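Take a look at the structure set out below.
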Amino acid sequence: MPIFDAIGMAQSGAAVYRKWIDAVSDNISNMNDVTSTSQAAYQAKSIEAGEMRGGGAQVVSVGLGSAEGRLVYQPDHPLADAKGYVRYPDIDLGEQMGQLIMAQRGYQANLSAVDRARSAYEAALQVGKG
């Protein structure tokens, strides 16, 4: 595999993992958004990756979670309905943190592959000079 192909594939992988990190960050930052029961809850984002033509990875789609969320009894909340319920997104912080760790490790691994390929290319240039 030519070295530039390896760099391109690793860069595309890093881009996919970056999108995953962004989606998880959005989910975590919106997990405490409250809406009335007549409105939809924030829908958690999920990333689906696929193979690019010619090698590498790309984001195929961004999925959205349930708009139903979960009902919580908070009669003092200004958005509470007549029965005292409000709607929160159905997002589990533990699951999101696990996904964040996986996405960060994948991102770092792809950047490391780009760095190694760059170092190998530079070493090959040095051999050609000698």
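The values are calculated or read from the model by the stated rules, or taken from the named source; none is laboratory data. Owing to the predicted nature of the structure, the values given are computational and were not obtained by experimental measurement. In this analysis, Cβ positions are derived from the backbone assuming ideal geometry, glycine residues included, and neighbour counts consider all displayed protein chains. The area values use the complete protein model at the heavy-atom level, side chains included, leaving out ligands, DNA and RNA. Shrake-Rupley method; radii C 1.70, N 1.55, O 1.52, S 1.80 Å.
Can you name every residue in region 1-20 that is of a type in the set (Val, Ile, Thr) and surrounded by fewer than 18 Cβ atoms within 10 Å (Cβ to Cβ)?
Ile3
Out of region 69-91, which residues are in contact with an Asp or Glu (Cβ under 8 Å, 6 or more places away or on another chain) and either open to solvent by 60 Å² or more (accessible area, probe 1.4 Å) or under 25 Å from Asp5 (Cβ atoms) (or both)?
Within region 69-91, Arg70, Asp90 qualify.
Could you tell me which numbered condition Met102 fails, if it satisfies all but one of (1) under 30 Å from Phe4 (Cβ atoms); (2) out of contact with any Phe, Trp or Tyr (no Cβ under 9 Å at 6 or more places or on another chain); (3) of a type outside the set (D, E, K, R)?
(2)
So, in region 24-61, how many residues would count as being assigned to a strand (DSSP E or B), in contact with a Lys or Arg (Cβ under 7 Å, 6 or more places away or on another chain) and in contact (Cβ under 8 Å) with a residue 40 or more places away in the chain?
Matching residues across region 24-61 total 2.
Failed condition for Gln43, given (1) within 28 Å of Ser112 (Cα to Cα); (2) open to solvent by 50 Å² or more (accessible area, probe 1.4 Å), with all others met?
(1)
Looking only at residues in region 92-130 that are among the polar types (S, T, N, Q) and under 30 Å from Met31 (Cβ atoms), which one is surrounded by the fewest Cβ atoms within 10 Å (Cβ to Cβ)?
Here is the first cut: in region 92-130, the ones among the polar types (S, T, N, Q) are 96, 99, 104, 108, 110, 112, 119, 126.
Now restrict to residues that are under 30 Å from Met31 (Cβ atoms): 96, 99, 104, 108, 110.
On the way: Gln96: 18, Gln99: 18, Gln104: 15, Gln108: 12, Asn110: 21.
That would be Gln108.
Looking at Asp90, Asp115, Asp76 in this structure, which one is assigned to a helix (DSSP H, G or I) and either touching a Leu at 6+ places or on another chain (Cβ under 6 Å) or of a type in the set (D, E, K, R) (or both)? Show your work before the answer.
Values: Asp90 fails: assigned to a helix (DSSP H, G or I); Asp76 fails: assigned to a helix (DSSP H, G or I).
One residue alone meets the criteria, Asp115.
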